[in-house]
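The values are calculated or read from the model by the stated rules, or taken from the named source; none is laboratory data. This one's a predicted model, so the numbers in the text were calculated from it and none came from an experiment. Positions of Cβ are generated from backbone atoms using ideal geometry, with glycine treated the same way; all protein chains shown enter the neighbour counts. Keep in mind that these areas ignore ligands, DNA and RNA; they rest on the heavy atoms of the full protein, side chains included. Shrake-Rupley method; radii C 1.70, N 1.55, O 1.52, S 1.80 Å.
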Amino acid sequence: MRFRAFVVDKTGDDVGRTVTELEDADLPDGEVLIDVAYSGVNYKDGLASVANGQVARTYPLVPGVDLAGTVIDSNEPTIGTGTHVVVHGHDVGVARHGGFAERARVPAEWVVPLPQGLTPLQAMIVGTAGYTAALSVMALETAGLRHDSGPVVVTGATGGVGSTAVTILAARGYHVVASTGKANQADWLVTLGAAEVIDRISEDSGRPLLSERWAGAVDCVGGVTLAEVLKAVSSGGSVAASGLTGGAKLSTTVLPFILRGVNLLGIDSVQNTLAERIEVWNRIAGDLRPEKLLAADPVVVGLDGLPDALDNVLAGGMVGRTVVDPKLRI
Ligand SMILES: NC(=O)c1ccc[n+]([C@@H]2O[C@H](COP(=O)([O-])OP(=O)(O)OC[C@H]3O[C@@H](n4cnc5c(N)ncnc54)[C@H](OP(=O)(O)O)[C@@H]3O)[C@@H](O)[C@H]2O)c1
């Protein structure tokens, strides 16, 4: 069967982006064929669609690191046709075709049946970004963070990881400080539950330690931001680090670690096992549910709207999640 897809391809040093038609035979191997209801626009998708993004590992490529939809064919007895599923991470959208198409085929062990209480649209409002936010909160709490430990800062607060982290933490009773470069989104961050909204933490203070300010942090920005956050974490506090929108280089001293026992927790959503994914998605549908984010209307674009959406994510312009409906003709 023929279906529409957003394809990036490399010619020389240039990467071109087109909406075209593919056939089932163009899809990679796998036990499960999925009718894609929604995908999401992630920072990584932006990188996968430009030259020197250093993310795409094959061309031509259908990007889209996450997708949700309905199983239409399955060689795996435990995953029946008609099942609503979510798939993200592994090689999806970077080393094999991903979610920016009406159909996707994946190995059975990558497929998470959607837990009760989450629709495919809600799963993609959460998406890889929200899953990463949930992982971050889980890691912080495993390291000892509690709602009464003190203020928790969330950097890149208006983006996918950040806005979901703000929502989850606030709903769990934390005093959330949202750090953002978009002052005009402060009211929205307060609506999600932020107790305070501050500017981006992007200036190097030049000092090895700062006053203890944060009991914990969810950082998806990296670079100078992560270094500055580490300097201001209270004794025994933790930082969950997942991203690099502000830079991949981390320049720090050992002082936060050896004088304050600060924990730097690495967050990776890509390589999680199926059992880990099922656990995290069940918690997203349950006690980590980002209800205030799910209650709002998401921005929805079709495949033709992807070039603008991908440029926006790379420019740091994202506010919440942008969801892709591959059947939408706009
Ligand atoms: N480790 C994992 O498994 C994993 C999974 C998902 C995502 N990630 C990573 O996490 C990061 C965020 O992903 P996302 O999907 O949430 O992206 P996103 O929606 O684009 O959000 C990123 C946010 O970072 C802030 N930002 C952008 N450029 C910045 C800069 N130069 N300096 C400081 N802040 C900047 C912006 O927030 P403000 O304007 O509010 O400051 C932006 O909205 C990306 O690096 C992504 O690759 C990692």
**Request:** For LYS182, work out the one condition from (1) within 27 Å of ALA285 (Cα to Cα); (2) under 22 Å from the mean Cα position of the chain (by Cα) it doesn't fulfil.
**Result:** (1)
**Scope region 90-107; condition of a type in the set (A, V, I, L, M, F, W, C) and open to solvent by 10 Å² or more (accessible area, probe 1.4 Å); matching residues** = ALA95
**Message:** Being more than 10 Å from the ligand (Cβ to nearest atom), crowded, with 24+ Cβ neighbours inside 10 Å and β-branched (Val, Ile, Thr) is the filter here; which residues of region 167-192 pass it?
**Reply:** THR167, ILE168, VAL176
**Prompt:** Hey, among the residues in region 222-267 that are of a type in the set (Gly, Ala, Ser), in a loop (DSSP other than H, G, I, E, B) and more than 10 Å from the ligand (Cβ to nearest atom), which one's most open to solvent (accessible area, probe 1.4 Å)?
**Reply:** SER251
**Asked** Tell me, which residue of region 307-326 that is among the aliphatic types (A, V, I, L, M) and either in a loop (DSSP other than H, G, I, E, B) or more than 7 Å from the ligand (Cβ to nearest atom) (or both) is surrounded by the most Cβ atoms within 10 Å (Cβ to Cβ)?
**Response** VAL324
**Asked** Would you call GLY216 at pLDDT 95 or above, over 30 Å from THR20 (Cα atoms), crowded, with 17+ Cβ neighbours inside 10 Å and more than 15 Å from the ligand (Cβ to nearest atom)?
**Response** yes
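The rows are residues; the columns are (1) within 15 Å of the ligand (Cβ to nearest atom); (2) modelled with pLDDT under 95; (3) part of a strand (DSSP E or B).
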{"site": "LEU22", "(1), (2), (3)": "no, no, yes"}
{"site": "ASP29", "(1), (2), (3)": "no, no, no"}
{"site": "ILE34", "(1), (2), (3)": "no, no, yes"}
{"site": "ALA37", "(1), (2), (3)": "no, no, yes"}
{"site": "LEU47", "(1), (2), (3)": "yes, no, no"}
{"site": "TYR59", "(1), (2), (3)": "no, no, no"}
{"site": "ALA68", "(1), (2), (3)": "no, no, yes"}
{"site": "ILE72", "(1), (2), (3)": "no, no, yes"}
{"site": "THR81", "(1), (2), (3)": "no, no, no"}
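Among the residues in region 34-42, are any over 23 Å from ILE125 (Cβ atoms), open to solvent by 10 Å² or more (accessible area, probe 1.4 Å) and of a type in the set (A, V, I, L, M, F, W, C)?
Within region 34-42 (the criterion being over 23 Å from ILE125 (Cβ atoms), open to solvent by 10 Å² or more (accessible area, probe 1.4 Å) and of a type in the set (A, V, I, L, M, F, W, C)), the answer is no, since none of the residues qualifies.
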**Request:** Inspect region 123-141 for any residue being over 21 Å from ASP297 (Cα atoms) and in contact with a Lys or Arg (Cβ under 6 Å, 6 or more places away or on another chain) and give the result as yes or no.
**Result:** no
